[in-house]
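First the structure, in the form of structure tokens, and then the observations on it.
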Amino acid sequence: MKDGKTRADIKPGVLVNIVLKKDQRSGLLTEGIVKDLLTSAAFHHRGIKVRLTDGQIGRVQEVIEDDF
């Protein structure tokens, strides 16, 4: 399972676990499908920021399923 810190590992349509801003202290993960990548850098030490299909925004903690 990929850790979500490298932009090349994440594409729209991929199932991921993200941490929302409000959940950063608790570490609670939210599962969803990537709609948009919001981080332009190739690597981010806290995880690539994405928008899910349901509109939630957070940093990817792990890539669950990649179909590419």
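Around the amide H of residue 14, modelled in the peptide plane, lie the amide H atoms of 34, all under 5 Å away and 5 or more residues distant in sequence or on another chain.
For the chain, the solvent-accessible area works out to 63 Å² per residue, with a probe of 1.4 Å and every protein chain left in place. Structural size metrics of the chain, computed from C-alpha coordinates, are Rg and Dmax of 10.4, 32 Å. Once the Cα-Cα distance is subtracted from the 0.36 nm per residue extended length, the residue 54 to residue 38 segment shows a gain of 4.3 nm. Taking only protein heavy atoms and a 1.4 Å probe, the accessible area of the chain is 49% carbon and sulfur.
For the chain, the dipole from Cβ point charges (+1 on Lys and Arg, -1 on Asp and Glu) about the Cα centre works out to 440 debye, to the nearest 20.
The values are calculated or read from the model by the stated rules, or taken from the named source; none is laboratory data. The structure presented is a predicted model; accordingly, all values stated were derived computationally and were not measured. Note that each Cβ is placed from the backbone with ideal geometry, even for glycine, and that neighbours are counted across all protein chains shown. All accessible areas refer to the heavy atoms of the entire protein, side chains included, with ligands and DNA or RNA removed. Shrake-Rupley method; radii C 1.70, N 1.55, O 1.52, S 1.80 Å.
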